[in-house]
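**Student:** Attaching a single structure in C-alpha cells format; questions to follow.
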Amino acid sequence: MRILSVFGTRPEAIKMAPIVMALRAMPGVESRVCVTGQHRRMLDDTLAIFDIKPDDDLDIMTGNQTLADISARVLTGLDPIMRAYRPDFVLVQGDTATSTAAALTAFFNKVRVGHVEAGLRTGNLLSPWPEEANRRVTAVVTDRHYAPTEKARRALLAEGYPASSIMVTGNTVIDALLHVADEVSAPGPIRDKLDGRFDWIDPAKRMILVTGHRRESFGDGFLGICEALRQLAAREDVQIVYPVHLNPNVRQPVFDLLASVPNVSLIEPQDYRSFVYLMTRASLILTDSGGVQEEAPALGKPVLVMRDTSERMEAVEAGVARLVSTDPARIVGHVADLLGDRRRYAAMATGANPFGDGKAAARIVADLLGQSGVSPLPIPAVEMGQLALAIG
Ligand code: UD1
Ligand code: UDP
C-alpha cells in the first residue's frame, strides 16, 4: 500500500509526525512524505525534532504570501508527484492552505483522501478565516474522515457524511506531545540543556506564555492583544514569555508595541521540544493557536483563548479553557481572576483533557490498512476524556 503524506506548516508537521513514524514502522506500507514548505524555518525545525526527511519538498514559501499564492503553488507542484507516484491514499491534516490544496490535487487525480483532524467547526466561515472554509472544502473530497473527538464526528454527520466514513481517533497532537513531554520532563541531558537555555525565566514569578498568529486578528485584534500584554506586564508577580510567529503581519505590531516593555520577553519561534518545555514551566497560557488549545489541557495548564470563536469548544466545555476574545479588558480581567483565585485556578488546572490519549496515529494507520485490505490491525479502543498528565 502506498501512502503519500502531504503537509507544509509547523502544526501540520507536529500532528502528522506520529503518523509518519507509525507508517515508517509498518510492514506492507510504502510511506512517502511530501512537504510543501508553506512554512520554511518553522517546518524545518519540526522535521528535525521528529527526524523526518521528506522525499519531496515543493519549497513554495515566499515572504508575506497570499492564500492564492500558496494554493496555486501546491496544486501545480504536487500534481506531477501525484501522477508519477499514484498513491493509494493521500493524507492531509487540519485546515491550512496546504492541506486543502493537497486534498484537491488528490481528488483531481482520483486518489483517495484521508483527512486527519476532520470535523472541527465554528459554524462561521469568516472565523477562523480561511480555516473554517478549508476544512469544509477538504471534507467534500475526503474518503476517510479522522475525527479527533465525538463532537467533530457529530459535526460531520450533521453535514451528511456517512457514519461509515468517519472514525473517532483522538488528536495526533497528543501523541506528539506525550512523546516530547517525556523527553523534556525526564532528568537528563535534554532537560539540563533546556534548563540552561531558559535560565532567565524567573522562578519566583508566574510565567505567562503567549502565542498568536491568526489572520482574522490582523489589525485591531493584535492591537488588543498587545495592549493586554502591556497592562499585564505591569504586574510584578508575572513574567510574560512570547515566542513571536514569523508572519510579518504579526511581528510588526508585536515588536513595535512590546519590544521595549519591561517584563515581556519577545523570543523567536521555538522548536517543538523547547516550546513544550516552556508550556510545562508556564502558570497560564494565552493563545489563539489551535494546537496549543489542545496541548495545554493535557499538561494541566489553564488556557485563555484570544479569539471570538473556537472550533475546539471541548476544552471550554470541560472547564479547562476560556474564550476571552482579543479585547484587552477581558484578557486582563480573566488573567487577574485566575491568578487571584487559587480555587478557580486549580479547577482549570486539574480538569479533563478532551483531545486524545496518545493512540490516535495507531488508530489512523490501522484504519488505512483496513481500507486497503492489507493485514488489518486491531484498532486501539477509544478511552479518551480523562487523560490527566503530571509533567514537569
Ligand atoms: C498558516 C496557516 C494557519 C495555521 C498557521 C500555523 C493558512 C492559510 N494558514 O498561517 O491555518 O494556523 O500557518 O502557524 O494555511 N513565515 C516565515 N517562515 C516560516 C513561516 C512563516 O518567514 O517558517 C512568514 C512568511 O513571510 C510567510 C508568512 O509568514 O509568507 C505567512 O505564512 P503562512 O503560512 O501564509 O500563514 P500563517 O499565518 O503562518
Ligand atoms: N509551537 C512550537 N513553537 C512555538 C509555538 C508553538 O512548536 O514557538 C507548537 C505548539 O506546541 C503547537 C503548534 O506549534 O503544537 C501550534 O502551531 P500554530 O499555533 O502555529 O498553529 P495552529 O495550531 O493554530 O494551526
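**Student:** Tell me, please, whether a residue that is more than 30 Å from P262 (Cα to Cα), in a helix (DSSP H, G or I), more than 16 Å from ligand 2 (Cβ to nearest atom) and touching a strand residue (DSSP E or B) at 6+ places or on another chain (Cβ under 9 Å) can be found in the range 173-191.
**Tutor:** Within the range 173-191, none of the residues are more than 30 Å from P262 (Cα to Cα), in a helix (DSSP H, G or I), more than 16 Å from ligand 2 (Cβ to nearest atom) and touching a strand residue (DSSP E or B) at 6+ places or on another chain (Cβ under 9 Å).
**Student:** How many residues, within the range 274-292, are within 8 Å of ligand 2 (Cβ to nearest atom), closer than 20 Å to F355 by Cβ and in contact with a helix residue (DSSP H, G or I) (Cβ under 7 Å, 6 or more places away or on another chain)?
**Tutor:** The number of residues fulfilling the criteria is 6.
**Student:** Related question: Answer yes or no as to whether T122 is within 15 Å of ligand 1 (Cβ to nearest atom) and surrounded by 21 or more Cβ atoms within 10 Å (Cβ to Cβ). So that I can check it myself, show each step before the final result.
**Tutor:** On the way: within 15 Å of ligand 1 (Cβ to nearest atom): yes; surrounded by 21 or more Cβ atoms within 10 Å (Cβ to Cβ): no.
No.
**Student:** Okay, moving on. How about the range 314-347: which of its residues are closer than 25 Å to G170 by Cα, part of a helix (DSSP H, G or I) and touching a helix residue (DSSP H, G or I) at 6+ places or on another chain (Cβ under 7 Å)?
**Tutor:** E314, A315
**Student:** Something else about it: Taking the conditions exactly as written (more than 8 Å from ligand 2 (Cβ to nearest atom), closer than 23 Å to W200 by Cβ and surrounded by fewer than 18 Cβ atoms within 10 Å (Cβ to Cβ)), does P248 satisfy them or not? Walk me through how you get there before you give the answer.
**Tutor:** Numbers: more than 8 Å from ligand 2 (Cβ to nearest atom): yes; closer than 23 Å to W200 by Cβ: no; surrounded by fewer than 18 Cβ atoms within 10 Å (Cβ to Cβ): yes.
So P248 fails the test.
For every residue, the table says whether it meets (1) of a type in the set (F, W, Y); (2) more than 17 Å from the chain's Cα centre (by Cα).
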| site | (1), (2) |
| --- | --- |
| L78 | no, yes |
| T96 | no, no |
| S99 | no, no |
| A102 | no, yes |
| F108 | yes, yes |
| H115 | no, no |
| A118 | no, no |
| N124 | no, yes |
| P128 | no, no |
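**Student:** Can I ask one more? Step by step: first the residues of the range 199-213, then only those that are of a type outside the set (A, V, I, L, M, F, W, C) and either in contact with a helix residue (DSSP H, G or I) (Cβ under 7 Å, 6 or more places away or on another chain) or modelled with pLDDT under 95 (or both), then the one that is surrounded by the fewest Cβ atoms within 10 Å (Cβ to Cβ). Which residue is that?
**Tutor:** Kept after step one, since they are of a type outside the set (A, V, I, L, M, F, W, C), are these residues of the range 199-213: 199, 202-203, 205-206, 211-213.
Okay, now just the ones that are also either in contact with a helix residue (DSSP H, G or I) (Cβ under 7 Å, 6 or more places away or on another chain) or modelled with pLDDT under 95 (or both), so 206, 211-213.
Working: R206: 16, T211: 21, G212: 25, H213: 18.
Looking at residues that are of a type outside the set (A, V, I, L, M, F, W, C) and either in contact with a helix residue (DSSP H, G or I) (Cβ under 7 Å, 6 or more places away or on another chain) or modelled with pLDDT under 95 (or both), I get R206.
**Student:** Scan the range 17-43 for residues that are over 19 Å from M82 (Cα atoms), in contact with a strand residue (DSSP E or B) (Cβ under 7 Å, 6 or more places away or on another chain) and within 16 Å of ligand 1 (Cβ to nearest atom) and jot them down.
**Tutor:** First, the residues of the range 17-43 that are over 19 Å from M82 (Cα atoms): 17-19, 21-22, 24-28, 39-43.
From the residues that got through so far, the ones that are in contact with a strand residue (DSSP E or B) (Cβ under 7 Å, 6 or more places away or on another chain) too are 19, 24, 43.
L43, the sole residue that qualifies.
**Student:** Condition (residue is polar (S, T, N, Q), surrounded by fewer than 23 Cβ atoms within 10 Å (Cβ to Cβ) and more than 25 Å from D192 (Cα to Cα)) applied to the range 264-283: is it met by at least one residue?
**Tutor:** Taking the range 264-283 as the starting set, the residues that turn out to be polar (S, T, N, Q) are 265, 270, 274, 280, 283.
Within this subset, residues satisfying the condition of being surrounded by fewer than 23 Cβ atoms within 10 Å (Cβ to Cβ) are 265, 270, 274, 280, 283.
If we keep only those that are more than 25 Å from D192 (Cα to Cα) as well, we get none.
For the range 264-283, residues polar (S, T, N, Q), surrounded by fewer than 23 Cβ atoms within 10 Å (Cβ to Cβ) and more than 25 Å from D192 (Cα to Cα): absent.
**Student:** Still on this structure, I have one more. For the range 57-68, which positions are among the charged types (D, E, K, R) and either out of contact with any helix residue (DSSP H, G or I) (no Cβ under 9 Å at 6 or more places or on another chain) or surrounded by 17 or more Cβ atoms within 10 Å (Cβ to Cβ) (or both)?
**Tutor:** Our first condition is that a residue be among the charged types (D, E, K, R); within the range 57-68, this holds for 57, 59.
Result: D57, single match.
**Student:** A further question follows. Tell me which residues, restricted to the range 23-43, are surrounded by fewer than 22 Cβ atoms within 10 Å (Cβ to Cβ) and either farther than 26 Å from T76 by Cα or at pLDDT below 95 (or both).
**Tutor:** Within the range 23-43, R24, A25, M26, P27, G28, V29 meet the criteria.
**Student:** Out of (1) away from ligand 2 (no atom under 14 Å from the Cβ); (2) under 26 Å from A204 (Cβ atoms); (3) out of contact with any Phe, Trp or Tyr (no Cβ under 7 Å at 6 or more places or on another chain), the odd one out for V264 is which?
**Tutor:** Answer for V264: the failing condition is (3).
**Student:** Here is a follow-up. List every residue pair whose Cβ atoms sit under 9 Å apart, with the two residues 6 or more apart in sequence or on different chains, where the first one lies in the range 92-112 and is assigned to a helix (DSSP H, G or I) and the second, anywhere, is among the basic types (K, R) and within 12 Å of ligand 2 (Cβ to nearest atom).
**Tutor:** Listed by first residue and then by second, the contacts come to S99/R135; T100/R135.
**Student:** Here's another thing I want to ask about it. If I filter the range 127-154 down to residues being more than 10 Å from ligand 1 (Cβ to nearest atom) and farther than 18 Å from A103 by Cα, which single residue comes out as modelled with the lowest pLDDT?
**Tutor:** Ranking the qualifying residues of the range 127-154, first place goes to S127.
**Student:** Counting only residues that are closer than 22 Å to A176 by Cβ, give me the helices (runs of 4 or more DSSP H) lying completely in the range 197-291 with at least 1 of them. Full working, then the answer.
**Tutor:** On the way: elements: 220-233, 248-258, 272-281.
In the range 197-291, 272-281 are the helices (runs of 4 or more DSSP H) which contain 1 or more residues that are closer than 22 Å to A176 by Cβ.
**Student:** Could you say which residue among T46, T66 is modelled with pLDDT of 95 or more, more than 22 Å from I174 (Cα to Cα) and within 16 Å of ligand 1 (Cβ to nearest atom)?
**Tutor:** Working: T46 fails: more than 22 Å from I174 (Cα to Cα).
Only one candidate passes the filter, namely T66.
**Student:** Continuing with the same structure: Would you confirm, using the coordinates I've provided, whether R281 is among the basic types (K, R), more than 16 Å from ligand 1 (Cβ to nearest atom) and farther than 24 Å from T96 by Cα?
**Tutor:** Numbers: among the basic types (K, R): yes; more than 16 Å from ligand 1 (Cβ to nearest atom): yes; farther than 24 Å from T96 by Cα: yes.
Spelling it out, R281 is indeed among the basic types (K, R), more than 16 Å from ligand 1 (Cβ to nearest atom) and farther than 24 Å from T96 by Cα.
**Student:** Could I ask something else about it? Mind counting the residues in the range 202-222 that are out of contact with any strand residue (DSSP E or B) (no Cβ under 6 Å at 6 or more places or on another chain) and touching a residue at least 40 places away in the same chain (Cβ under 8 Å)?
**Tutor:** Start the filter on the range 202-222 by keeping residues that are out of contact with any strand residue (DSSP E or B) (no Cβ under 6 Å at 6 or more places or on another chain), which leaves 203-204, 212-222.
Cutting the leftovers down to touching a residue at least 40 places away in the same chain (Cβ under 8 Å) gives us 212-217, 220-222.
Residues flagged as out of contact with any strand residue (DSSP E or B) (no Cβ under 6 Å at 6 or more places or on another chain) and touching a residue at least 40 places away in the same chain (Cβ under 8 Å) within the range 202-222 amount to 9.
The values are calculated or read from the model by the stated rules, or taken from the named source; none is laboratory data. Everything numeric here is computed off the predicted structure, so don't read it as measured data. Please note: Cβ atoms are built from the backbone with ideal geometry, for glycine as well, and neighbour counts cover all protein chains shown.
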